[in-house]
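J.: I am attaching a structure below and will ask some questions about it afterwards.
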Amino acid sequence: MSDALDTATNAAGAVPRKKGRRGQLDARYAAYKNIWVFVEHERGILHPVSLELLGKGRALADMLGVELAGVVIGPEDETTRSFCATAFHHGADICYLVTGDIFTHYRNQPYTRALTDLVNTFQPEVLLLGATTQGRDLAGSVATTLLTGLTADCTGLEIDLEDRSLLSSRPTFGGSLMCTIVNLNTRPQMATARPRVFPIPEPDFSRQGRVIEHSLPMSEDEIITKVLDFIPDTRTDKPQLAFADYIVSGGRGIGSAENFELVFDLARTLGAEVGASRPVTHADWVDAERQVGQSGKTVRPKLYIAAGISGAVQHRVGMESADVTVSINNDANAPIFGFSNYALIGNALELLPALAASFSKHLSALTDTDQGAGEEKE
Amino acid sequence: MHIAVCIKQVPDSAQIRVHPVTNTIMRQGVPAIINPFDLFALEEALRLKDRFGARVTVVSMGPLQAEGAMKKAISFGADEAILVTDKVFAGADTLATSYALGAALRRLNETEPLDIVFTGKQTIDGDTAQVGPGLAIRLGFQLLSYVSSIDRIDPSTREIVVHRRAEGGVQVLSSRLPCVITMLEGTNEMRFATMPDMFRAARFEVKQWNRDAAGIEDIKQVGLKGSPTVVNKVYAPQPKAVQAEFITGDTPMHQTDALVTRLFADHPKLAADLVAHLALQKGSSK
């Protein structure tokens, strides 16, 4: 459906549009103030993306000279209340709290109603949510109900101090370019941001804040959708890519599903997770869960090895927070070398097994030295 | 049972290239396809057609060229195709899109009540996943997003039970028709077009609805005018300030040895962490 692409088409080369719209903010939005972060949780577990957004939201609020608020919606219990304290520790000044049995599990209808009601009552200028299945489900419904603009899956959030507008950046054109999207004539300015893009701030356990409780007159009878069951993912059946410290990824340059075994081999040597670029998951060489990039996972590993990946923007935004990146490509001009620390030009099918052997050799040498140096008492 | 499937014709983004000098999109020769995520929605709708004799209408908002995608959907077995197309829709963001598409679906609903509106989970060109949730609000239907399977539909009680992908697990939800379902990818496999359907598609006349036919009264809510979000800037990201170090060698083995030596020398903590990580993994696998 029509979205950023079409808007971008129209805006191509028409950068002054923002200026043309400046000052047209409707008077009814004049009072909208503060930055809000929706605090997401499922079955008593806080989603880390909310802490990442609180960290980012704190910086944005400081730039604007406004307060940062967390929005906590959930069942009436200790756990829900503890999320307010966690939000304060991670930078929030205020927490809006809505509790009730109807919020025991995430469901679109009651959560949309609660968040919409909070926005209409307390009027924030910015509302941020995680780009998760819950956050995207909720954000799309809330923005449409409020008739305000929403930018999806952002990888960058800044403030234009000239007019206090939120600048949301995300890849566009299938991930080949970046674009910055603004929402000038409606409030709140809404955006969802990808997990793992922003770092989790160091908690300050002495920080406190104000809890503002809000009640929503809604009963279970009004809610059509019921949760019959929740089947938790077992830890082992899904790659734990997002939180892996070591990742070996393969791209189109690997050539085939059979050749992809070489990527798995190197990953095994390093105890690493296996990632892939979009063409690879689209071709079904590996499971879609392994995709790194804008339409896949965002990762922040200590070491990222990219083999046969050209480095389209779509992939880059998913991995550029890696501490150290090693890239293998047969094309010396591959874009990925523009954001790698080490580059190997050559045939990935030869270099992958060689790299596995080199790592094995060096790692066992290191292990041996360790054991030699330490007095082993078995 | 009447089912609408919202699809979008998109450029095959895998084949989009950016001009290395001007940073503009090179559109020439990029083929147009049905948004791959929408195919899972269409196939799921066709399965309900097989089971319940449902009538399947594909709906799309886009330029006249999108007829190609509509005919393709007909060849897979859809019954009807409506292209919502008007110059005033150009430049729509997701809010304006859900308004125009929502109006067309409401018009469709008046002539033949809709039970389910399917969409893909997102498009490959916009990647927003916002139009599905937007449509549910516009229509006042229940939203069931990221659905991985439909377990049960009871046409008499109008109850529907689905599996929905949530964070950390799968929700089993019971809801009631009419609803909007956004289908998760990889949940089914698109059937092959049959010969008779291919012939039917070739001759099929896709209905074209302009803003009047779609029942759109407020022109301020569609297209660029109805879009609160605007693209302020399009740019190519800059390479990192740090230049990659090119590691060479006479043979692949020399090259990789040189790399690992260099990597561990530059980042001793990384090397130590990796050793500890492997020791831990070995320990836990015993």
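The values are calculated or read from the model by the stated rules, or taken from the named source; none is laboratory data. Values in this document were obtained by computation on a predicted structure and should not be read as measured data. Neighbour counts are summed over all protein chains in view; Cβ atoms, including those assigned to glycine, are modelled from backbone coordinates with ideal geometry. The accessibility values were calculated without ligands, DNA or RNA, using every heavy atom of the protein model including side chains. Shrake-Rupley method; radii C 1.70, N 1.55, O 1.52, S 1.80 Å.
J.: With B:R152, B:R47, B:R138 as the choices, which residue is of a type outside the set (S, T, N, Q), over 15 Å from the mean Cα position of the chain (by Cα), under 22 Å from B:N210 (Cβ atoms) and open to solvent by 40 Å² or more (accessible area, probe 1.4 Å)?
T.: Every option except B:R138 fails the conditions.
J.: Say we look at region A:320-345 and pick out the residues that are part of a loop (DSSP other than H, G, I, E, B) and touching a residue at least 24 places away in the same chain (Cβ under 8 Å); which of these is farthest from A:V197 (Cα to Cα)?
T.: A:N330
J.: Report yes if A:R187 is more than 7 Å from chain B (Cβ to nearest Cβ), farther than 25 Å from B:A236 by Cα and among the basic types (K, R), otherwise no.
T.: yes
J.: Return yes or no: is A:G135 assigned to a loop (DSSP other than H, G, I, E, B) and of a type outside the set (S, T, N, Q)?
T.: Against the criterion (assigned to a loop (DSSP other than H, G, I, E, B) and of a type outside the set (S, T, N, Q)), A:G135 does not qualify.
J.: Residues to consider are B:M195, B:M190; find the one that is in contact with a helix residue (DSSP H, G or I) (Cβ under 6 Å, 6 or more places away or on another chain) and surrounded by fewer than 16 Cβ atoms within 10 Å (Cβ to Cβ).
T.: Result of the check over B:M195, B:M190: B:M190.
J.: State all residues of region B:136-157 that are in contact with a helix residue (DSSP H, G or I) (Cβ under 7 Å, 6 or more places away or on another chain), within 11 Å of another protein chain (Cβ to nearest Cβ) and not in a strand (DSSP E or B); if no residue qualifies, say none.
T.: The answer is B:A136, B:I137, B:R138, B:L139.
J.: What are the residues in region A:295-311 that are at negative phi, part of a loop (DSSP other than H, G, I, E, B) and of a type outside the set (A, V, I, L, M, F, W, C), if any?
T.: A:S295, A:G296, A:T298, A:R300, A:P301, A:K302, A:S310
J.: Another question, if that's okay. Please specify each residue of region A:240-271 satisfying the condition of being within 21 Å of the chain's Cα centre (by Cα) and in a loop (DSSP other than H, G, I, E, B).
T.: Across region A:240-271, the qualifying residues are A:Q240, A:L241, A:A242, A:F243, A:A244, A:D245.
J.: Something else about it: Do we have A:L184 as outside the structural domain of A:L167 (by TED's automatic domain parsing) and either more than 16 Å from A:L68 (Cβ to Cβ) or touching a helix residue (DSSP H, G or I) at 6+ places or on another chain (Cβ under 8 Å) (or both) here?
T.: Taking the combined requirement at face value, the residue does not satisfy it.
J.: Residue by residue through region B:186-227, note down the ones that are hydroxyl-bearing (S, T, Y) and either more than 14 Å from chain A (Cβ to nearest Cβ) or not in a loop (DSSP other than H, G, I, E, B) (or both).
T.: B:T194
J.: Can you tell me which residues in region B:81-114 are more than 9 Å from chain A (Cβ to nearest Cβ), open to solvent by 20 Å² or more (accessible area, probe 1.4 Å) and in a loop (DSSP other than H, G, I, E, B)?
T.: B:T85, B:D86, B:E112, B:P113
J.: Considering only region A:107-141, state which residues are more than 9 Å from chain B (Cβ to nearest Cβ), β-branched (V, I, T) and either surrounded by fewer than 24 Cβ atoms within 10 Å (Cβ to Cβ) or within 28 Å of A:K226 (Cβ to Cβ) (or both).
T.: If the condition is that a residue be more than 9 Å from chain B (Cβ to nearest Cβ), β-branched (V, I, T) and either surrounded by fewer than 24 Cβ atoms within 10 Å (Cβ to Cβ) or within 28 Å of A:K226 (Cβ to Cβ) (or both), then A:T116, A:V119, A:T121 are the ones that fit.
J.: Taking the residues in region B:115-135 that are more than 8 Å from chain A (Cβ to nearest Cβ) and in a loop (DSSP other than H, G, I, E, B) as candidates, determine which candidate is farthest from the chain's Cα centre (by Cα).
T.: Residue satisfying both the conditions and the ranking: B:D115.
For every residue, the table says whether it meets (1) at pLDDT below 90; (2) within 7 Å of chain A (Cβ to nearest Cβ).
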| site | (1), (2) |
| --- | --- |
| B:T229 | no, yes |
| B:Q243 | yes, no |
| B:I247 | no, yes |
| B:T251 | no, no |
| B:Q255 | no, yes |
| B:D266 | no, no |
| B:V275 | no, yes |
| B:S284 | yes, no |
